[in-house]
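Structure first, then comments.
The values are calculated or read from the model by the stated rules, or taken from the named source; none is laboratory data. Computed from a prediction, not measured in an experiment: that's the story for all the values here. Methodologically, a virtual Cβ is constructed for each residue, glycine included, from the backbone with ideal geometry; neighbour enumeration extends over all protein chains shown.
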């Protein structure tokens with residue numbers, strides 16, 4: 001018997017990774033009142049037609065692949081007016097978080113009022129922009145990526161010796177199984193690979209889109225195509241181009257460079273598959289013509305510490321933590337723009 005159910009037909013034609021894009025592009029689901037922006041116009045059109053025919057199976061897949069429960073979809077809205085993608089979210093994870101407060105993190109998770117804007121057609125700049133003053137990005141479940149810690153050597157911010165969340169002497173910051181913990185304002189945030197989200201979204205044979213950075217470029221999980229331009233080349237784990245400095249610290253805490261502090265690391269061009277901002281150019285399921293994209297890695301810097309493009313002010317830490325720029329507004333409609341891959345000889349971000 002031939003299986004003609006639209007669920008199975010769509011999965012066969014688009015693949016699991018593209019299916020996630022369809023779900024995010026859905027403009028109306030009966031279990032929530034939010035519209036989702038599109039990643040690809042053609043995929044969105046296909047998804048919308050199927051929604052109009054039968055939405056029950058979409059809810060079923062959404063529950064299985066993306067959110068764990070369809071009701072969780074109401075926590076985030078992704079929309080686009082063509083030039084700007086807007087994400088409105090309450091910052092609560094769609095997976096089970098760790099226990100908070102805990103012995104090493106005294107803070108409780110609370111609802112946030114995020115509103116982030118970013119260009120749908122970003123471009124890389126001449127030199128990278130530090131992410132120090134910004135939340136790096138936002139995951140597809142509305143949880144932010146914020147890699148830096150608030151702890152400094154001798155509690156002296158001016159010293160420049162910022163403790164790393166995954167340093168050998170700082171693994172006591174109360175991180176949970178998704179490499180996240182909670183800020184004093186109740187914001188749950190990721191310091192590394194968001195395993196709870198990644199496990200829901202990942203599918204065999206394709207890079208996994210997990211969020212968007214403040215400059216508008218997409219964020220992917222640690223696996224990507226071995227040949228950045230060839231989807232048939234298979235997946236491999238991306239590696240950063242950072243290494244521990246040799247010798248000992250000449251100031252501050254002293255001692256050997258061991259990864260305890262951010263300044264213990266240095267960028268070594270070409271030593272890994274990624275550039276200084278933990279990104280690269282290549283094709284992905286959502287961007288078949290190519291794009292610059294970031295990768296969350298299992299080694300320093302984990303979450304990128306700089307932007308290849310220009311971060312939007314809605315991601316500034318002052319705005320993100322105060323909510324002053326995140327109050328929801330009426331969402332514009334329309335389709336998102338595409339990205340054009342620069343010439344192959346484009347120099348890596350330094």
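List of remarks:
- Qualifying positions in region 180-206 - over 30 Å from residue 230 (Cβ atoms) and not in a strand (DSSP E or B): 183, 184, 185, 186, 187, 191, 196
- One residue from 123, 172 being out of contact with any strand residue (DSSP E or B) (no Cβ under 7 Å at 6 or more places or on another chain), part of a loop (DSSP other than H, G, I, E, B), modelled with pLDDT of 95 or more and surrounded by fewer than 24 Cβ atoms within 10 Å (Cβ to Cβ): 123
- Residue match in region 237-248 (condition: on the phi < 0 side of the Ramachandran plot, surrounded by fewer than 22 Cβ atoms within 10 Å (Cβ to Cβ), touching a helix residue (DSSP H, G or I) at 6+ places or on another chain (Cβ under 9 Å) and in contact (Cβ under 8 Å) with a residue 12 or more places away in the chain): yes
Every residue, every condition in (1) surrounded by fewer than 18 Cβ atoms within 10 Å (Cβ to Cβ); (2) in contact (Cβ under 8 Å) with a residue 40 or more places away in the chain; (3) within 22 Å of residue 90 (Cα to Cα), yes or no:
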position: 114; (1), (2), (3): no, yes, yes
position: 130; (1), (2), (3): yes, yes, no
position: 133; (1), (2), (3): yes, yes, yes
position: 141; (1), (2), (3): no, yes, yes
position: 146; (1), (2), (3): no, yes, yes
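- Taken over region 134-169, residues that are assigned to a loop (DSSP other than H, G, I, E, B), farther than 16 Å from residue 220 by Cα and touching a helix residue (DSSP H, G or I) at 6+ places or on another chain (Cβ under 6 Å) amount to 3.
- Applying the set (1) modelled with pLDDT of 95 or more; (2) not in a strand (DSSP E or B) to residue 211 leaves exactly one unmet item: (2).
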